[in-house]
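Structure, as structure tokens:
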Amino acid sequence: MENSSKQWRFEGNKRLNSASAISVRGVLDLVIGNLSTDDPRPTIPLGNGDPSQFACFRTSTTAEEAIVDAVHSAKYNGYAPTVGVLSARRAIANYLNRDLPYKLSADDIYVTSGCLQAIEVALAAINRPGANILLPRPGFTFYESRAAYEHLQVRHFDLLPDRGWEVDVDAIEDLADDNTVAIVIINPGNPCGSVYSYDHLKMVAETARKLGILVIADEVYGHLTFGSTPFVPMGIFGSIVPVLSLGSISKRWVVPGWRLGWLVTSDPNGILQKSGIVESITGFLNISTDPATFIQGAIPQILENTKDDFFLKVIVTLKEAADKCFDGIREVPCLTCPKKPEGSMFVMLNVSLLEDISDDLDFCMKLAKEESVIIVPAGMAFGMKNWLRITFACEISALEDGLRRIKAFHQRHVRKQ
């Protein structure tokens, strides 16, 4: 038996603990821990944006067949190049060029293990001692987690609910200083379901240029729009300001488990090359993992051959679900939705607290325990106290059941007052 007096020289990395504490996964684990084992009803998952478990969101047969063909070809069983398989990079460039006024080449594309790794690469590449980055509030919390791990300082600018969750552009100049290196724009929006107009994005680009900072454009929900505002890629403004565009097949093709994303230098003026950012991107990828080679091998067939009717089906399903969600929320007096979602898979709700509920986290924990419905408390997850995030990307029947349970939860707690 080991001598208990022995002094070992190693211990856990506390930075990982603090960084993961502000992740959506960490918050969801906390909420899920309150589910009652005595409730025979199925749990309604309105917290995580992964609709792949629902039959109505099954990916295209083209994508499935592309994976099979890539495996059967036996061409993709080895290691991939650091920056990605050349045919995949060319296909991604061609796919993105459909929406741009200039042409990307394969040299502008870096294939990543999902959009999460693209975020890791971007934040590592721009980091330097004392640097800070401007993040939206509310925004995707992985940026917070990764910035904490990288010792990259964070400053928040507000998204304005009464203006459709637009960026508070006037506040950005007041936040920035000589150590500010980048601003993150998430469009279509997670967690807000917002979609930004051409004019608004141009204003952001011009402000970033004035400050001398680059834009990190998180477009993982690109083209998943179903309102009056079309999706506009930030790369359109690459001639105004250098843009690192992040994306993946995870959301549009509903395959988050395939872990195939990209980071793109949308920069026709070559500023990112001259500043050393491109070299830093390659340097990070040299010491990190790659997406599976056979997934990369399937990318040309997936991007080039998927039919428009598949995308239309996904959009129609999301719009129907968003409408149902918005209408159902209006029947719950304690919840307010300032803006009907027009994109992505989420909506943000303000919660008017009931007497025996202390805050948004308490609301979500008690809802999980009493009704087996999982939603995300936005105070802990997104820095918006007494707000909630709901995903509507699920089967309509499950969404309707979840909304009925939320309404019953409200009625029960109103009676307790």
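The values are calculated or read from the model by the stated rules, or taken from the named source; none is laboratory data. Bear in mind that the values here come from a model prediction, so they are computed numbers and not experimental data. Cβ coordinates were reconstructed from backbone atoms using ideal geometry, including for glycine residues, and neighbour counts include every protein chain displayed. Side chains included, ligands, DNA and RNA excluded: accessible areas come from the protein's heavy atoms. Shrake-Rupley method; radii C 1.70, N 1.55, O 1.52, S 1.80 Å.
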* Scattering curve values for region 198-299, log₁₀ I(q)/I(0), Debye with Cα scatterers, q = 0.13, 0.16, 0.23, 0.24 Å⁻¹ -> -0.56, -0.82, -1.23, -1.26
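Looking only at Cα atoms, what is the convex hull volume of region 61-305 per residue, in Å³?
Values: hull volume 28.5 nm³, N = 245.
Expressed per residue, the convex hull around the Cα atoms of region 61-305 is 116 Å³.
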* To do: Show that you can apply the helix-only estimate: for the chain, add -39,500 (n - 2.57) for every DSSP H stretch of four or more residues, divide by all residues, and state [θ] at 222 nm to the nearest 500.
  => -12500 deg cm²/dmol
* Rg(Cα) / (2.2 N^0.38 Å) computed for region 52-179, rounded to two decimals -> 1.39
* **Residue-level accessible surface for His410, protein heavy atoms, 1.4 Å, Å²** => 20
* To do: Mind jotting down the distance between the C-alpha centroids of region 16-51 and region 374-412, whole Å?
  => 12
* To do: Return one whole number: the accessible area per residue of region 111-162 in Å², for a 1.4 Å probe.
  => 32
* Asked: Which percent of the accessible heavy-atom area of region 74-125 goes to carbon and sulfur, probe 1.4 angstrom?
  -> 49
* Counting pairs of alpha carbon atoms under 8 Å apart in space and at least six apart in sequence, what relative contact order in percent does the chain give? -> 25
* Using a 1.4 angstrom probe on heavy atoms only, work out the carbon and sulfur share of the accessible area of region 155-242 in %. => 43
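Over 24 Å between C-alpha atoms is what I'm after, so list which of Lys103/Lys202; Lys103/Lys339; Lys366/Lys407; Lys75/Lys251; Lys313/Lys340 land there.
Listed pairs above 24 Å: Lys103/Lys339; Lys75/Lys251.
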* To do: Springs between alpha-carbon atoms under 10 Å, Gaussian network over the chain: tell me which of Ser344, Ser248, Ser352 tops the mean-square fluctuations.
  => Ser352
* Using every alpha carbon pair in the chain, what percent of pairs falls into each 10 Å bin from 0 up to the bin containing the largest distance? -> 4, 21, 30, 26, 13, 4, 1
* To do: Starting from 0 in steps of 10 Å, tell me what percent of the Cα-Cα pairs of region 7-114 lands in each bin.
  => 10, 20, 24, 28, 15, 3, 0
* nm² value of the averaged projected area, convex hull over the Cα atoms of region 250-299 -> 4.5
* What residue among Gly276, Gly26, Gly12 shows peak mean-square fluctuation when the chain is described by a Gaussian network model with Cα springs under 10 Å? -> Gly12
* What's log10 of I(q)/I(0) for region 324-417 at q = 0.19, 0.21, 0.23 Å⁻¹, Debye sum over Cα points only, no solvent? -> -0.86, -1.08, -1.32
* Asked: Rounded to the nearest whole Å², what accessible area per residue is found for region 165-236 with the 1.4 Å probe?
  -> 35
* Structure fact -> Expressed as a percent, the accessible surface of region 299-417 that is carbon or sulfur, using a 1.4 Å probe and the full set of protein chains, is 50
* For region 147-244, treating each Cα as an identical point scatterer without solvent, what Debye log10 I(q)/I(0) comes out at q = 0.10 1/Å? -> -0.26
* **Whole-percent pair-distance distribution, where bins are 10 Å wide, for the alpha carbons of region 99-148** => 19, 43, 31, 7
* Rounded to 5, percent antiparallel among DSSP beta bridges of the chain -> 50
* Sequence of Asp360, Asp290 when ordered by accessible area, the most exposed leading, probe 1.4 angstrom -> Asp290, Asp360
* Asked: Roughly how much of Ser145 is accessible, in Å² to the nearest 10, using a 1.4 Å probe?
  -> 10
* Asked: Zone of Glu320 (label point 7 Å along Cα→Cβ, backbone N under 18 Å): which residues in region 370-395?
  -> 392-395
* Asked: Taking Cα pairs under 8 Å and at least six residues apart, what relative contact order does region 61-305 come out at, in percent?
  -> 29
